[in-house]
1. Determine which single condition ALA231 fails, assuming it passes every other condition in (1) at pLDDT below 95; (2) surrounded by 21 or more Cβ atoms within 10 Å (Cβ to Cβ).
2. For segment 224-254, which positions are aliphatic (A, V, I, L, M), out of contact with any helix residue (DSSP H, G or I) (no Cβ under 7 Å at 6 or more places or on another chain) and closer than 22 Å to HIS288 by Cβ?
3. With respect to ILE23, is the statement that it is in contact with a Cys (Cβ under 8 Å, 6 or more places away or on another chain) and assigned by TED's automatic domain parsing to the domain that holds THR140 true?
4. Kindly check whether there is at least one residue in segment 191-212 that is under 22 Å from GLY40 (Cβ atoms) and either assigned by TED's automatic domain parsing to the domain that holds PHE159 or over 13 Å from the mean Cα position of the chain (by Cα) (or both).
5. Which of the residues belonging to segment 1-20 are charged (D, E, K, R), under 19 Å from SER74 (Cβ atoms) and surrounded by fewer than 20 Cβ atoms within 10 Å (Cβ to Cβ)?
Amino acid sequence: MKIAISAESTVDLGKELLAKYDINVIPFTVILGDKVGLDGDIVPDEIFEYVSKTGVLPKTTAINEFQYEEYFKSLLDKGYDAIIHFALSSKISSSWSHADAASKHFKEGVVNIIDSKSLSTGIGLQTIYARKLVDSNKYTCEEIVKKCSERVPHVQASFVLARLDYLYKGGRCSKLSALAAKAFKIRPQILVDDGAMRPGKKYLGSNDKIVVGKYCQDTLAEFNNPDHSIAFVTATKYDDEVYEIGVEALKKAGFKTIYKTVAGSTITSHCGEKTLGILYINDGDEGHD
């Protein structure tokens, strides 16, 4: 059976990793004033420039049911027998509900929708695991969906932000929190918990390396039962030397494969520049093949 692994552009893997792991993507739409384009065609630097000039946050548009149906049809037309699609968390976007509705237009078991309960490379980790299972040729599609679904609650996805105005303008934090963060140079950690974003620790100061280093240290200490096979350092806009703080922390913790990725335009639209996260699956090294 030929199985397609799929996600929205919020998977944030970049072209090389999407090709390496043969992951299909359907893009969100990003709106910058009068300019409307797909995530990937509109790039993060355009967003930063637009917000800096206008003070207005970009809008992102979830994919609708018809678009999903057409997309799934296009994959099946390429010769796939079944699809496993990982949707952006249902507590963050309507993506899952629209994709799930579209899946009902196909024979049962052909289009399988998993609520990733995550975002960015937290979804990427799940798609890569699914690819590993497919390529092993050990499991049916139904078994792969089950094994992937069982790992969803264990995905550790978190970030540390330099600013809260993007979250505030997007309705994801209060004006008071945003103003306080700016006034007192508070750098908040945001955790994805059961599919929803919640605040974590708070870091003080403007030194990016110190803040990122402490965030990595705290995250690895709290979520200390990782699958060491793979992890991500994902950021919106940072110099390589700041990325390396995350990479070195993960290396020291024993991770074998570490990818550095740049968040795409949809994720960037909601968290702004100078956001960085380390992401991995926190359910130990055994029994995941």
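The values are calculated or read from the model by the stated rules, or taken from the named source; none is laboratory data. Note that the coordinates shown come from a computational prediction; the quantities given were computed from them, not determined experimentally. When we count neighbours, we look across all protein chains shown, and the Cβ atoms used for this are built from the backbone with ideal geometry, even at glycine.
1. Against the list (1) at pLDDT below 95; (2) surrounded by 21 or more Cβ atoms within 10 Å (Cβ to Cβ), ALA231 comes up short only on (1).
2. Residue satisfying the conditions is LEU250 alone.
3. Here the answer is no, as ILE23 does not meet what is asked.
4. No - not one qualifying residue is present in segment 191-212.
5. LYS2, LYS15
Table: residues versus (1) touching a helix residue (DSSP H, G or I) at 6+ places or on another chain (Cβ under 7 Å); (2) surrounded by 19 or more Cβ atoms within 10 Å (Cβ to Cβ).
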| position | (1), (2) |
| --- | --- |
| ILE186 | yes, no |
| ALA196 | no, no |
| PRO199 | no, no |
| ASN207 | no, no |
| CYS216 | yes, yes |
| THR219 | no, yes |
| GLU222 | no, no |
